[in-house]
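What follows is a single structure, written as structure tokens, with notes after it.
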Amino acid sequence: MSLPRVTIVGCGFAGLWAAQALGRAAVEVTVIDRTNHHLFTPLLYQVATGGLSAPSIAAPIRHILADQKNTTVLFGEVTGIDAGRRVLRLENGDETPYDYLILAAGTTHSYFGHDDWAAYAPGLKTLEDALEIRRRVLAAFEHAERESDPVRRRAWLTFVVVGGGATGVELAGTFAEIARHTLAGEFRRIDPHSARVVLVEAAERVLPPYPPDLAAKAQLQLERLGVTVWTHRRVSAIDADGVSLGDERLSAKTVIWAAGVRSSPLGAALGVPLDRAGRVKVEPDLSVPGHPEIFVAGDLAVVDAVPGIAPAAKQMGRHAGRNVLRLVGGQPTRPFNYRDYGQLATIGRNAAVAVIGRLKLSGFPAWVVWLVAHIYFLINFRNRIVVMLDWAWAYWTYQRYARIIMRGVKR
């Protein structure tokens, strides 16, 4: 008698935790991902800013799941779902059958109908995105060193981050630190300290999900680092020479997008109700309406009062895996209950904000909590050691030795 086939699409936090929940069960697990690695996305901005190398925050999926003898890993991209036949279509035309399906395909960038902006303002979701941002930022200083015209040089030394959420705040604060500390004394024709970092947020404050008092403290810490924070400003155009905010024009050769996300198109392939961001409106147990054998976890699912952060994705993935096992065992599924462990956002050296239950922290105490939490939750022991060593060295020396510009930068 064949074992039930459980297929997991995506091996981010939700997908990986779902796979691990099924690791010792009497089922055949197949994990499909279009990359070969699991990525610790909360530290992706550190790769984008030269603080960490790519392998420090990533690990091969096959290695992570090697001890799960019931699990097969496939390197490929799911392009379609036939829920009636219980079949997935891959990018090469192959079909993969399933008995139970866990969708954890995550999100990508949303430019709110202006996809042409992507060429000028890359977002940050993958290692490739991080390396591209790193290239653009470091190359901007190199171009400025060669530029004799003061107006064009100023444009090369202006960095705009669009979006004041956690990613935008982290990027803007780190760009300011790079200009004021990391690059000090390395150039002869320019003063990196003169670089301008502008954070643009359409809402009334940065970090909108955080309490207003912590958001205000975050903005103050950003401004102390030298970041110019513009709130109530909406970007109306982006091109190779800068951004427009209504009638106002800001010349900048480097623009980074951190303002919006949209869900994987696989959610729409299910033919069920979606929210405005393309997320699937799941049942309380995370199953898809009309398809109790399909579960959606992580950023692709919309669940009331559950934020789109890593701890939530982990919990949803684990819960979806356990509900599959309940179905296999002939038991009723259970509704998902999110346990809130808090939210953390770092701003820069000794600067962060944190909400843990009723406790609100800012400044150095929040930064220490952020540091310990991120090291603890890294995927394996090697990554923890490497990151700790890199961070310790960077703290005492202000240096970021992953500042390598890869070939292919064309500006």
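Scanning region 157-191 for residues that are assigned to a helix (DSSP H, G or I) and under 20 Å from the mean Cα position of the chain (by Cα) returns A166, T167, G168, V169, E170, L171, A172, G173, T174, F175.
Cβ-Cβ contacts under 8 Å between residues 6 or more apart (or on different chains), taken from a first residue in region 323-348 that is within 21 Å of G308 (Cβ to Cβ) to a second residue that is among the acidic types (D, E) and crowded, with 19+ Cβ neighbours inside 10 Å, are listed as A345/E170; T346/E170; I347/E170. Among the residues making up region 314-363, those that are hydroxyl-bearing (S, T, Y), at pLDDT 95 or above and either surrounded by fewer than 15 Cβ atoms within 10 Å (Cβ to Cβ) or assigned to a loop (DSSP other than H, G, I, E, B) (or both) are T333, Y338. Does region 58-69 contain any residue that is over 28 Å from L131 (Cβ atoms), among the basic types (K, R) and in contact with a strand residue (DSSP E or B) (Cβ under 6 Å, 6 or more places away or on another chain)? No; the residues of region 58-69 include none that is over 28 Å from L131 (Cβ atoms), among the basic types (K, R) and in contact with a strand residue (DSSP E or B) (Cβ under 6 Å, 6 or more places away or on another chain).
Take A269 and decide whether it is free of Cβ contacts under 8 Å to residues at least 40 places away in the same chain and outside the structural domain of R136 (by TED's automatic domain parsing). Here the answer is no, as A269 does not meet what is asked.
The residue that is surrounded by the most Cβ atoms within 10 Å (Cβ to Cβ), counting only those in region 275-311 that are touching a Gly at 6+ places or on another chain (Cβ under 6 Å) and not in a helix (DSSP H, G or I), is A297. Among the candidates E128, E132, E142, the residue that is touching a residue at least 24 places away in the same chain (Cβ under 8 Å), among the charged types (D, E, K, R) and not in a loop (DSSP other than H, G, I, E, B) is uniquely E142. Candidates A59, A105, A66: the one that is small (G, A, S), within 26 Å of the chain's Cα centre (by Cα) and assigned to a strand (DSSP E or B) is A59. Based on what the data block shows, is R89 part of a loop (DSSP other than H, G, I, E, B) and either assigned by TED's automatic domain parsing to the domain that holds R276 or among the acidic types (D, E) (or both)? Considered against the rule, which asks whether it is part of a loop (DSSP other than H, G, I, E, B) and either assigned by TED's automatic domain parsing to the domain that holds R276 or among the acidic types (D, E) (or both), R89 comes out as no. For region 1-14, a residue qualifies if it is in contact with a Leu (Cβ under 9 Å, 6 or more places away or on another chain) and under 14 Å from T72 (Cα atoms), and the qualifying residues are P4, V6, T7, I8, V9, G10, C11. Screening D213 with (1) over 20 Å from the mean Cα position of the chain (by Cα); (2) outside any loop (DSSP other than H, G, I, E, B); (3) surrounded by 13 or more Cβ atoms within 10 Å (Cβ to Cβ) gives one miss only, at (3).
The values are calculated or read from the model by the stated rules, or taken from the named source; none is laboratory data. None of these values were measured; they are calculated from a predicted model. Heads up, the Cβs are rebuilt from the backbone with ideal geometry, glycines too, and the neighbour counts pull from every protein chain shown.
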